[in-house]
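First the structure, in the form of structure tokens, and then the observations on it.
The values are calculated or read from the model by the stated rules, or taken from the named source; none is laboratory data. Because the structure is a prediction, the values reported are computed rather than measured. As a convention, Cβ positions derive from the backbone with ideal geometry for all residues, glycine included, and neighbour counts pool all protein chains shown. Note: accessible area is taken over every heavy atom of the protein model, side chains too, but ligands, DNA and RNA are not part of it. Shrake-Rupley method; radii C 1.70, N 1.55, O 1.52, S 1.80 Å.
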Amino acid sequence: MAKDHADQTLDRELEDLPPDLRWHEWMRRIEAVLFASASPVTRADLARVVGQGVSVDLLIEDLTVELADRPYEIARVADSWMLRTRPAYAVAIRAAADVRDQDMDLREVDVAVLTAIAYHQPITRDGLKDIFGKEISRDMIGRLHAQGLIGTGPRSPRRGAPYTYVTTEKFLIAFDMETLQDLPDREQLEDAGLGEG
């Protein structure tokens, strides 16, 4: 309900402003929404703060240029955007702020399971067992799920309809990807001795 009320009182069109100031205000609104959000914001949500028919993509492009000399940037995650600190400032942030709780503390085997899920999703625990040649513990799956890196996918159409696992938006954010298309080519991984081959 609060969202409906906010939509009714927000002047989206800004017709009283000249076009260049209107565009600038829409950019500021998008920046404010991204700044305030703890998770990526969809195009549809951003479109609710700008004029009808205005291109969110063009506003994002212009805002990206405007933020070029700032310590943060706009990152695209699937069909959403978020603000994030530029990697060059990671050391400074760790030195000044308590960010230990944000570390994922992933072990090598965790990363291997995440990689298998990313490349083969939706995949069952039996599918993971086929890849690794051993049972993947429920504890590991539970830990990756609790960290928000994987979620439950559609039930498998096999007997017993086991759960499948898929990667999440948090997985994309954690590994700095826009989509799963950004995963390294499997043949390149195999050539480097990192794949299943």
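Hydrophobic, long helices, defined as DSSP H runs whose alpha-carbon span along the helix axis is 20 Å or greater and whose mean Kyte-Doolittle value is at least -1.0, occur in the chain at 19-36. Assuming charge only on the beta carbon of Lys and Arg (+1) and of Asp and Glu (-1), the dipole of the range 99-186 about its Cα centre is about 600 debye to the nearest 20. If you wrap the tightest convex hull around every Cα atom of the range 83-190 and split its volume per residue, you get 134 Å³. When the Cα positions of Thr167, Pro154, Leu67 are compared along the charge dipole of the range 38-189, Pro154 comes out farthest toward the positive end, with charges on each C-beta of Lys, Arg, Asp and Glu. Here the spin labels are modelled as points 7 Å beyond Cα on the Cα-Cβ line, and at Arg155 and Ala36 they lie 4.1 nm apart. Enclosing the Cα atoms of the range 127-168 in their convex hull gives a volume equal to 77 cubic angstrom per residue.
Solvent-accessible surface (1.4 Å probe) assigned to Glu66 amounts to roughly 60 Å².
Across the chain, C-alpha contacts under 8 Å between residues 6 or more apart give a mean separation that, scaled by the residue count, equals a relative contact order of 14 percent. Largest to smallest in accessible area, the residues Leu180, Leu46 fall in the order Leu180, Leu46 (1.4 Å probe, all protein chains included). Per residue, the convex hull spanned by the Cα atoms of the chain measures out at 190 cubic angstrom.
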